[in-house]
Amino acid sequence: MTRAAIALALVIGPWSLVPGPWSFQDPGRGTRDPGLTAALDEIFASPVLARALIGVRIESLRDGLLYEKNGGKLVVPASNMKLLTLAVAATRLGWDYRFETRLEIAGPIETGTLRGDLIVTGTGDPSIMASAPGPAALFDEWADALWKAGIRRVTGRLIGDDNAFDDDGLGAGWAWDYVAAAYAAPTGALNYNENIVAVRVTPGAVEGTPAKIELTPPGHLLEIDNEVRTGATGSATSLSLSRLPGSHALTVRGNVAVGGTTATRTTAVDNPTGFFVEGFRLALASRGIAVQGGAWDIDDVPDAPAPARRRVLARRESLPLSSLGGYFLKESQNFYGETFLKAIGRGAGREGSADAGRRAVRDTLGAMGIAADSFVMYDGSGLSRYDYVTADAIVTLLKHVWEDEMLRGPFLAALPVGGHDGTLDTRMKGTALAGRVQAKTGTIANMRALSGFLTTESGEKIVFSIIANHFTAPNNEIDAIAERALLRLVKR
């Protein structure tokens with residue numbers, strides 16, 4: 001099953017909460033249960049959090065505020081920022097929004113030859129994937145379209161038009177030392193295989209010899225500096241990948257044991273557009289269609305054909321935002337968040353940039369009653385250390401989502417379900433929370449978050465946000481504290 005199909009299956013699954021007849025209370029009101037308050041105070045006073053900052057807000061959709069601790073403090077949300085991004089994307093673009101990618105030609109077709117350029121124009125589709133072990137199915141479909149059009153050779157260039165988005169692929173506040181990591185893949189208007197490649201490292205036949213390194217899918221343009229050696233039989237596999245921003249040079253260091261199995265890691269490419277068009281060019285060559293002028297990013301082509309001179313040969317539409325959103329939240333895919341943020345900016349009639357997206361987010365959240373000083377947004381995924389938000393703001397957002405009939409269904413279906421799927425698939429299993437929690441996780445170093453909805457054993461709907469910053473304890477100990485709080489609530 002493809003990732004797109006998985007995303008669709010997740011969205012249409014049986015896990016969305018059914019809205020009940022409750023109406024919201026004033027956020028500052030509610031019948032405070034002294035026993036519940038004391039129990040939660042004790043949980044959040046754990047020694048594990050002694051040096052940490054924790055922001056908590058818990059409300060009942062029936063009874064109003066149940067508990068609050070530092071709810072108005074700005075904290076780093078990590079991937080809880082994705083909640084804001086998806087809610088605004090759905091509001092501004094609509095759940096039916098689809099990304100379009102076009103195959104265009106500029107020039108006449110004469111006796112099997114396109115005398116001109118072949119252009120691929122993108123609007124940010126994040127879901128065009130390679131088909132292991134070969135190229136994208138889309139590349140084969142478009143090769144067929146060229147054959148049907150009578151094109152066997154292109155005298156010009158294959159140009160990737162990525163002008164729908166700006167060229168700032170990395171988010172503000174991302175660290176230089178993880179730009180090679182798959183979770184920090186850059187974003188552009190043309191994206192392929194989530195802009196990552198698999199790095200397969202196979203030991204040599206003799207101890208001390210270099211390992212063999214292979215990258216797939218083809219077209220990545222990365223230059224490998226192989227510093228991996230074959231270690232003794234039974235020695236531990238240890239691999240690290242590094243690449244400087246703006247560089248194609250990928251250094252792979254480490255050890256793999258002689259006689260051992262192939263080890264696989266993933267890494268981000270430097271130029272998404274270059275990756276797309278070079279991969280497509282190679283796929284065309286394998287189908288007998290030669291592009292004489294090579295593959296190019298439009299930024300490097302001063303005389304690229306204007307849109308008015310192009311003719312559309314084929315189109316590709318993504319699944320709707322409702323389906324893409326399921327994969328985005330359940331798998332916590334950073335790359336999708338940056339794509340959505342730029343699409344929000346472009347959809348607002350501005351440029352396809354993170355800055356334009358942020359301005360549209362501020363406007364939209366303000367209309368939802370979320371104060372401008374209750375969040376600081378620099379990227380769409382929450383990978384940035386510049387991001388801040390309050391637990392109060394997240395609960396306000398989630399309450400708005402619940403109340404808005406247009407937003408509610410697809411949004412709730414996109415949230416991970418405790419003990420069942422996504423980033424919560426291994427958490428809460430065998431407890432009273434399994435199947436009762438729909439929530440977004442968040443993790444970066446020394447930061448952990450969980451925000452979403454809880455259905456109590458009596459059927460009451462609880463909305464909550466629990467975010468811990470500045471701790472040094474293992475993540476599972478922080479998770480245990482959040483889950484103890486939810487276990488106390490589920491019995492309410």
Q: Report the far tail of the P(r) of segment 39-82, meaning the percent of Cα-Cα pairs longer than 14 Å.
A: 59 percent
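Can you work out the FRET efficiency for the pair Arg98 and Thr261, with r the C-beta to C-beta distance and R0 = 41 Å, to the nearest 0.05?
Values: r = 40 Å, r/R0 = 0.99.
Using R0 = 41 Å, I get an efficiency of 0.50.
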Q. Hey, rough spin-label estimate for Glu110 and Arg62, points 7 angstrom out along Cα→Cβ, what's it come to in nanometres?
A. 7.8 nm
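Note down, for the chain, the three equivalent ellipsoid semi-axes (square root of 5 times each alpha carbon gyration tensor eigenvalue), biggest first, whole angstrom. Please list the in-between numbers first.
On the way: eigenvalues 377, 160, 70 Å².
Working from the Cα gyration tensor, I get semi-axes of 43, 28, 19 Å.
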Q. Taking every pair of alpha-carbon atoms in segment 299-411, what share in percent sits in each 5 Å bin, from 0 to the bin with the longest distance?
A. 2, 10, 14, 19, 24, 12, 6, 5, 5, 3, 0
Q: Along each of the three principal axes of the Cα atoms of segment 446-492, give the extent in whole Å, ordering the values from largest to smallest.
A: 36, 14, 10
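Apply 1/(1 + (r/R0)^6) to the Cβ-Cβ distance of His470 and Tyr178, taking R0 = 25 Å, and write down the FRET efficiency to the nearest 0.05. Provide the component values of the computation, followed by the final result.
Details: r = 20 Å, r/R0 = 0.81.
Once rounded, the FRET efficiency stands at 0.80.
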Q) Ranked highest first by average number of other Cβ atoms within 10 Å, how do 223-234, 109-120 line up? A) 109-120, 223-234
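Take Asp392, Asp421 and order them by how many other Cβ atoms sit within 10 Å, fewest up front. Working shown, then result.
Values: Asp392 22, Asp421 18.
Ranked by crowding around the Cβ, least crowded first: Asp421, Asp392.
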Q: Please order Lys342, Lys73 by the number of other Cβ within 10 Å, starting at the fewest.
A: Lys73, Lys342
(Q) Students often check this: by mean Cβ neighbours within 10 Å, which of 441-453, 127-139 ranks highest, and how do the rest follow? (A) 441-453, 127-139
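D for segment 177-268, whole µm²/s, Stokes-Einstein with Kirkwood Rh over alpha-carbon pairs at 10 °C and 1.306 mPa s: what number? Each step should come with its number before you reach the end.
Numbers: Rh = 13.6 Å.
Taking Rh from Cα pairs, D becomes 117 µm²/s.
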Q. Near Lys440, which aspartates and glutamates are there with a Cα under 13 Å away, not counting those fewer than 8 places off in the same chain?
A. Glu331, Asp421, Asp425, Asp479
Q | Residue pairs, from the table Lys73/Lys429; Lys82/Lys399; Lys212/Lys330; Lys73/Lys399; Lys330/Lys491; Lys82/Lys342, whose Cα atoms sit over 23 Å apart | A | Lys73/Lys429; Lys212/Lys330; Lys330/Lys491
Q: Could you tell me the distance between the Cα centroids of segment 29-107 and segment 112-145, to the nearest Å?
A: 39 Å
Q) Between Glu141 and Asp33, what is the spin-label point distance in nm, taking each point 7 Å from the Cα along the Cα→C-beta axis? A) 5.2 nm
(Q) Can you give the local net charge around Arg492? Use residues other than it whose beta-carbon is closer than 9 angstrom to its beta-carbon, Lys and Arg +1, Asp and Glu -1. (A) -1
Q | Size of charge dipole - the chain - debye, nearest 20, with Cβ of Lys, Arg +1 and Asp, Glu -1, no other charges | A | 680 debye
Q | Inter-site label distance for Glu405 and Lys491 at 7 Å from Cα along Cβ, in nm | A | 3.9 nm
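Can you give the relative contact order of segment 177-268 as a percent, counting alpha carbon pairs under 8 Å and 6+ residues apart?
Working: 209 pairs, mean separation 34.7, N = 92.
In percent, rounded to a whole number, it is 38.
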Q | Hydrodynamic radius of segment 226-275 per Kirkwood, over alpha carbon pairs, in Å | A | 12.3 Å
**Q.** Filtered GluC sites (Glu not before Pro), segment 355-461: DSSP coil and at most 16 other beta carbons within 10 Å
**A.** Glu457
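None of the figures in this text is laboratory data; all of them are computed from the coordinates on show. Because the structure is a prediction, the values reported are computed rather than measured. Counting neighbours? That spans all protein chains shown, and the Cβs are built from the backbone with ideal geometry, glycine included.
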